[in-house]
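The values are calculated or read from the model by the stated rules, or taken from the named source; none is laboratory data. This is a predicted model, so every value here is computed, not measured. Note that each Cβ is placed from the backbone with ideal geometry, even for glycine, and that neighbours are counted across all protein chains shown.
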Amino acid sequence: MRKEKKLAMFGEMAAAVGMIEHCREFASLVPEVRTNIVYSTEKPESPMDVLAVDGRITVVDGMPRASGKVKFGASSHMARLIIEINRRDPEVRAGINFASTPELMEWLESYCKERSWVFSAIDRSREPQEITIGEGESMPWKIAEAVRAAGGAVPKVFYETGAVGKEPVTVLIGADPVEVAEQSCEIAVAYARKMERIPRIGKIGLEEFDSLIQKRLGAKDRSVIVPPMPGVDAGVVDLGEGKVLVVAEDPIFSIPNQPLDMFGWYTVHIGASDVAVIGVRPRYMTYTLLLPPGTVESEIETIVESIHIAAKELGIAIVGGHTGFYPGISTPLIGGVTVLGIADKGQYVTPAGAKAGDDVILTKGPAIETVGILSSLREVELIKRYDPSLVEKAKALAKQMSVVKDAMAAMEVGGVTAMHDATEGGVIGGFFEVANASDVGMEIDESLFVFPEEVRIVCEAFDIDPAKAIAEGSLIITARPESSSLIVKKLKESGIEASVVGKVTSDIGRRTMKRRSGEIVPLEIPCQDPFWPAFFKGLR
């Protein structure tokens, strides 16, 4: 084989393995014998003509992981299978095996029918005994049986019913490994959704918070003025002598397709925002940086330097933390950033302070974080549909994922009764959290939102409801009516678009939002933030 073709094959296999490793749902389809994906040369004669993963694909920390490198001769069973199929259909050079259960097979047969794929089964009880006892002699019979059961066609997907000492498995075949990986991941995602096995992603809900967290807060201490509670971004501790300490903590993950210095910027601003929404200027900070083994020093320096610069710009002193290399970490991760501020007692606000008659203000509009991240992660898809300059504006929203400036501007004006940054669950979830924490009603009108065009196109492209999508950078403010217009004016003078979008009421039974369509819907925290499925699809 020519060197160029061999290199191309390795490249396609690397891409395919990467797709599988980023498909969390595929982990549930990895059988006990583990998974392998194979790719043969043209007219393969032996397993040495077939690329495969050395050691197969297993599961590590809930994610599919290749145990070794891709190389020729790394598979026996799957290699012989693809060789046998290739003799019948030279266009088929790739295949993958995964789990087989009665429930999965019943669903998969219907799935294949919808896509006009030939689906077949190999009944191992029909296998002649002389073939069964012969080492490596059953493969021609199995492929012939799969073709026979499919009415003479080579099936796209087939499974074995299993035999004594043999785990039943499913096989999907195709022209190349990228096609096979993409289709098997699509099967895994679709089946997980069908069986409702997709684990919830993001922060826990109100019920879990009440049952798991609320009653487990360590020793009681009278100095804790604001303890952990749903929708409240930071804790407040009475230091005595008229001073309070505000404490907030967040995890931060790095975003694919964005530079590491942005990861450092997020670390500071997202942590600092949770103190700022209490109306207190962030002053001190600690962070824990978890790194994959083998991370090069230049990358560590980039992250740490960007954290230093962002903290310095906000006047925050870094007073502690931890940095280290740990197994199971596949990308740089902030295990926790803790930000602290000190204020005079009584000179702070919480999301529990909204009062009937207050105006509700929203800065920047909905889905700021969603758009800032997805426009970088899935830029290629967006540029195919929209003007590149608009996509660049969407990417620029990543630098708007902070409410420090918003909150400080509002507090400078005065009249603020509550603030809350709309993170997971979007602005509709954020409005609910303020209303719930304050024990008030709230009426919101979506048509009054600031709604940038770049937000519209990204949410449209990925079928996302912008009101329900993660919105770090969007600040919800409740304020006395006499102050709200001055706050909006001050925000605009600071370069931040904002608008009054609703009213706080005394009717706690009426917490609603009027959608742009005119439909009235309840304020609530979505069961699943729509950002996460779009994010993980982008990874694949």
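The number of residues in the stretch 448-497 that are among the hydroxyl-bearing types (Ser, Thr, Tyr) and closer than 24 Å to Glu424 by Cβ comes to 2.
Contact map, the stretch 36-59: residues that are without any contact (Cβ under 8 Å) to a residue 40 or more places away in the chain and among the basic types (Lys, Arg) paired with residues that are surrounded by 17 or more Cβ atoms within 10 Å (Cβ to Cβ) and outside any loop (DSSP other than H, G, I, E, B), Cβ distance under 7 Å, separation 6+ or inter-chain. Pairs shown: Arg56/Thr35.
Within the stretch 117-151, restricting attention to residues that are surrounded by 18 or more Cβ atoms within 10 Å (Cβ to Cβ) and not hydrophobic (A, V, I, L, M, F, W, C), the residue that is modelled with the highest pLDDT is Ser120.
Condition (residue is buried (at least 18 other Cβ atoms within 10 Å of the Cβ) and modelled with pLDDT of 70 or more) applied to the stretch 202-211: is it met by at least one residue?
Within the stretch 202-211 (the criterion being buried (at least 18 other Cβ atoms within 10 Å of the Cβ) and modelled with pLDDT of 70 or more), the answer is no, since none of the residues qualifies.
In the stretch 467-498, the qualifying residues are those that are over 19 Å from Met513 (Cβ atoms) and under 27 Å from the mean Cα position of the chain (by Cα), and the one that is surrounded by the fewest Cβ atoms within 10 Å (Cβ to Cβ) is Glu472. Exactly one residue out of Val349, Val339 is at pLDDT 95 or above and not assigned by TED's automatic domain parsing to the domain that holds Val416: that is Val339.
For every residue, the table says whether it meets (1) within 26 Å of Arg516 (Cα to Cα); (2) of a type outside the set (A, V, I, L, M); (3) assigned by TED's automatic domain parsing to the domain that holds Leu314.
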residue	(1), (2), (3)
Lys405	no, yes, no
Ala410	no, no, no
Val413	no, no, no
Thr417	no, yes, no
Asp421	yes, yes, no
Gly429	yes, yes, no
Val434	yes, no, no
Met442	yes, no, no
Asp445	yes, yes, no
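Note on the stretch 276-303: residues that are within 30 Å of Gly414 (Cβ to Cβ) and not charged (D, E, K, R) amount to 8.
If a residue must be outside any strand (DSSP E or B) and either of a type outside the set (Val, Ile, Thr) or under 20 Å from Asp344 (Cα atoms) (or both), how many such residues does the stretch 215-260 contain? Quick ask: steps written out before the conclusion?
Keep residues of the stretch 215-260 that are outside any strand (DSSP E or B), which gives 215-223, 227-234, 241-242, 254-260.
Filter once more, keeping what is either of a type outside the set (Val, Ile, Thr) or under 20 Å from Asp344 (Cα atoms) (or both): 215-223, 227-234, 241-242, 254, 256-260.
Looking only at that region, the number is 25.
Restricting the search to helices (runs of 4 or more DSSP H) fully inside the stretch 351-461 and requiring at least 2 residues that are buried (at least 24 other Cβ atoms within 10 Å of the Cβ) and touching a strand residue (DSSP E or B) at 6+ places or on another chain (Cβ under 8 Å) gives 404-413, 426-438.
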